[in-house]
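The values are calculated or read from the model by the stated rules, or taken from the named source; none is laboratory data. If you're wondering where the values come from, they're calculated on a predicted model, not measured in any experiment. All Cβ positions, glycine included, derive from the backbone under ideal geometry; neighbour counts span all protein chains shown. Accessible surface areas use protein heavy atoms only, side chains included; no ligands, DNA or RNA. Shrake-Rupley method; radii C 1.70, N 1.55, O 1.52, S 1.80 Å.
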Amino acid sequence: MIKKILKFIVILLPWFLSGLICNDYSYFDTINTPSFTIPKFLFGIVWTILYILIAISIYKVSESNYYDLKDYKKNLLYNYIFNQLYTIIFFCFKNNFLAFVDVLLTLLSSLFLYYETKSINNKASKFLLPYVFFLIYAFILSTSIYFINL
């Protein structure tokens, strides 16, 4: 049991890396945001929940008996990189355009990750659905932020 918990923690922790690298969120207070922006304090809660769900999905795939995870790992890596870059691009570099591009790439890679996961473990893929849906919201939000701050 301890081994499984440690494995889950090892899967989960890297998702919080960009928040440790760039943790000055004051830029968000300096830009115009659309009326449908959720309160700032909710972002941390939502992303924590999403990262836990992603980690559960990855854990379930890693425990499955599927023999060829090459495409899955590739999709997971792309998604992870795009996901991590967003915080750095938006909050550290304060670049709304690149953040908009990055969130689009994160959304697209999450769809590929979802479908690849579904082909391996249908139950594991369901844990990714809130992530995909929130990324749709994040894409709309990021697009709006980019255009209203031109």
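Quick notes
- Among the residues listed as Leu108, Leu113, Leu98, the single one being part of a helix (DSSP H, G or I), within 25 Å of Lys4 (Cα to Cα) and of a type in the set (A, V, I, L, M, F, W, C): Leu113
- Selected residue (criterion: farthest from Thr48 (Cα to Cα)) from residues of the range 72-99 that are open to solvent by 40 Å² or more (accessible area, probe 1.4 Å) and in contact (Cβ under 8 Å) with a residue 12 or more places away in the chain: Phe97
- Residue selection: Thr106 fails the criterion of being at pLDDT 95 or above, more than 14 Å from the chain's Cα centre (by Cα) and surrounded by 14 or more Cβ atoms within 10 Å (Cβ to Cβ).
- Inter-residue pairs, beta-carbon under 7 Å, first charged (D, E, K, R) and in the range 1-24, second open to solvent by less than 100 Å² (accessible area, probe 1.4 Å) and not in a loop (DSSP other than H, G, I, E, B), 6+ apart: Lys7/Tyr59; Asp24/Phe91
- Filter result for Phe147 (open to solvent by 40 Å² or more (accessible area, probe 1.4 Å), touching a residue at least 12 places away in the same chain (Cβ under 8 Å) and farther than 18 Å from Phe43 by Cα): no
- The condition of being touching a residue at least 24 places away in the same chain (Cβ under 8 Å) and either in contact with a Lys or Arg (Cβ under 6 Å, 6 or more places away or on another chain) or among the aliphatic types (A, V, I, L, M) (or both) holds for Ile49.
- Pairs are defined by a Cβ separation below 8 Å, a sequence spacing of at least 6 or placement on different chains, a first member in the range 57-71 that is over 12 Å from Ser119 (Cβ atoms), and a second member that is open to solvent by less than 80 Å² (accessible area, probe 1.4 Å) and of a type in the set (Val, Ile, Thr); the pairs so defined are Ser57/Thr117; Ile58/Ile11; Tyr59/Ile11; Ser62/Ile11.
- Given (1) closer than 21 Å to Ala55 by Cβ; (2) more than 11 Å from the chain's Cα centre (by Cα); (3) surrounded by 20 or more Cβ atoms within 10 Å (Cβ to Cβ), number of the condition Asn122 does not satisfy: (3)
- Being surrounded by fewer than 17 Cβ atoms within 10 Å (Cβ to Cβ) and at pLDDT 95 or above is a property that does not hold for Ile56.
- Tally, over the range 25-53, of residues that are of a type outside the set (A, V, I, L, M, F, W, C), assigned to a helix (DSSP H, G or I) and open to solvent by 60 Å² or more (accessible area, probe 1.4 Å): 3
- Meets criteria (over 22 Å from Phe36 (Cα atoms), under 11 Å from the mean Cα position of the chain (by Cα) and open to solvent by 20 Å² or more (accessible area, probe 1.4 Å)) for Tyr66: no
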